[in-house]
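We did not get these values from a lab; they are worked out from the coordinates using the rules stated. This one's a predicted model, so the numbers in the text were calculated from it and none came from an experiment. Backbone-built Cβ (ideal geometry, glycine too); neighbour counts: all protein chains shown.
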């Protein structure tokens with residue numbers, strides 16, 4: 001007997017015969033716009049608020065975000081935007097999470113010195129992970145995706161020594 005709310009173990013294997021790939025929200029173009037409009041309508045009705053339609057600027061902000069939490073995260077962001085709305089406008093600035101390091105969203109321009117610090121940290125981290133091994137299989141050069149000669153010359157230029 002199967003309890004309600006439990007997953008039948010054999011069901012996974014039956015479904016896995018024909019796997020379906022559902023692309024993440026960030027790859028689904030206009031779906032962000034359609035879902036955001038639907039969620040905004042639902043939450044504003046539930047809260048008894050009248051809100052202006054989402055502007056093209058709002059959609060641009062939503063499209064720039066990576067959506068690691070997919071549709072559920074979009075739903076939560078829109079709900080927060082409706083709750084914190086001011087003057088009949090969604091408050092996306094307060095609802096959208098701050099961009100994380102490594103995201104493809106807009107970033108500030110780094111100086112040469114800042115780039116050098118990032119490069120140094122990345123090389124040092126790769127060397128730490130590989131136990132100081134620079135080249136060959138499992139070496140830092142492989143981890144960084146650069147030829148070992150390039151890594152060696154960058155290490156020399158940055159004054160990084162193997163331990």
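Using alpha carbon centroids, what distance separates region 59-92 and region 20-56, in Å?
Using only Cα atoms to place each centre, the spacing works out to 8 Å.
Counting other C-beta atoms within 10 Å, which of 28, 8 has the fewest, and how do the rest follow?
8, 28
Where is the GNM fluctuation largest for the chain (alpha-carbon springs, 10 angstrom cutoff): 151, 115, 15?
Looking only at 151, 115, 15, the biggest GNM fluctuation is shown by 15.
In a Gaussian network model over the chain where Cα atoms closer than 10 Å are linked, find which of 124, 73, 98 has the largest mean-square fluctuation.
Highest fluctuation among the options: 124.
Can you compute the helix-only [θ] at 222 nm over the chain? Use -39500 (n - 2.57) per DSSP H run of at least 4 residues, normalise by all residues, nearest 500 deg cm²/dmol.
Mean residue ellipticity, 222 nm, calculated: -15500 deg cm²/dmol.
Please rank 95, 135, fewest neighbouring Cβ atoms within 10 Å first, as an exposure proxy.
135, 95
Can you bin the chain into rounded, prolate or oblate? Criterion: square roots of the alpha carbon gyration tensor eigenvalues sorted a ≥ b ≥ c, rounded for a/c under 1.5, prolate for a/b above b/c, oblate for the rest.
The shape class here is oblate.
When the chain is modelled as a GNM with alpha-carbon springs shorter than 10 Å, which of 128, 31, 58 fluctuates the most?
128
Suppose R0 equals 30 Å; then what is the FRET efficiency for residue 156 and residue 129 from their Cβ-Cβ distance, rounded to the nearest 0.05?
Efficiency for this residue pair is about 0.90.
Give me 82, 22, 17 ranked fewest to most by other Cβ atoms within 10 Å of their Cβ, as a rough exposure proxy.
On the way: 82 22, 22 9, 17 6.
Starting with the residue having the fewest Cβ neighbours, the order is 17, 22, 82.
With r as the distance between the Cβ atoms of residue 22 and residue 64 and R0 = 22 Å, compute the FRET efficiency 1/(1 + (r/R0)^6) and round to 0.05.
E(calc), rounded to 0.05, equals 0.50.
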